[in-house]
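The values are calculated or read from the model by the stated rules, or taken from the named source; none is laboratory data. Being a predicted model, the structure only gives us computed values, none of them experimental. We place every Cβ from the backbone using ideal geometry, glycine too, and count neighbours over all the protein chains shown.
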Amino acid sequence: MAKLKILEFPDPRLKTVAKEVKSFDAGLKKLLEDMTETMYSANGIGLAATQVNVHKRLLVLDISEDRDQLRVYVNPQILSESGEQNCEEGCLSVPGVYASVKRAENVVVKAQDIDGKFFEEQLKGLHAVCIQHEIDHLEGRLFVDYLSPLKRNMLRKRLEKQRKVAAQEAAEHLVI
Ligand code: NI
């Protein structure tokens, strides 16, 4: 297994629309293992392949407290949705930023497992939020895209500044 590098906003590669997975081969299983390790080591509750610069329709989730209930979705599709909920969301690709986003309360999802077998699930609450957020990644959308352009620009500037400070600090110190 290997930990993969997570792309960060405003990296334009995060806007790529992912392609359907057609071959459920060893390469896909390796990608799944690497994404799982990357998600757990970054303490995320979800990760889409887009975020590790692989533009295939694959995502992983684990919303359990004990981090032992991995869920895998290949080629996920939302068949229907109902209700509304607002949740304070964050994202491994937009570190340090949290914002309230309006999503459907319930969704019915159709997807394939890692061997290509189809399944359908009804999700609600946080699980529903999470899958909507991750499917957005596969469509090249980030949760900050739901914010006003003004707020999004402020976030972009703040993140650029944070990155500059971090780079400068690294340059001034011995990083071994
Ligand atoms: Ni995200």
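Cβ-Cβ contacts under 9 Å between residues 6 or more apart (or on different chains), taken from a first residue in the range 136-157 that is closer than 28 Å to ASN75 by Cβ to a second residue that is within 10 Å of the ligand (Cβ to nearest atom) and β-branched (Val, Ile, Thr), are listed as HIS137/THR50; LEU138/THR50; GLU139/THR50; GLY140/THR50; LEU142/VAL94; PHE143/VAL94; VAL144/VAL94. Residues being at pLDDT 95 or above and in contact with a Phe, Trp or Tyr (Cβ under 8 Å, 6 or more places away or on another chain) are entirely absent from the range 158-175. Annotation: of all residues in the range 39-51 being part of a helix (DSSP H, G or I) and within 17 Å of PHE9 (Cβ to Cβ), the one that is farthest from the ligand (Cβ to nearest atom) is ALA49. Take the residues in the range 95-110 that are loosely packed, with under 15 Cβ neighbours inside 10 Å and small (Gly, Ala, Ser); name whichever of them is nearest to the ligand (Cβ to nearest atom). The extreme case among them is GLY96. Somewhere in the range 71-94, is a residue surrounded by 14 or more Cβ atoms within 10 Å (Cβ to Cβ), aliphatic (A, V, I, L, M), in contact (Cβ under 8 Å) with a residue 24 or more places away in the chain and within 15 Å of the ligand (Cβ to nearest atom)? The answer is yes; a qualifying residue exists.
Of the candidates GLU37, GLU65, the single residue that is of a type in the set (Asp, Glu) and in contact (Cβ under 8 Å) with a residue 24 or more places away in the chain is GLU37. The condition of being under 17 Å from GLU33 (Cβ atoms), touching a strand residue (DSSP E or B) at 6+ places or on another chain (Cβ under 6 Å), at pLDDT 95 or above and of a type outside the set (D, E, K, R) holds for only one of VAL60, VAL54, that being VAL60.
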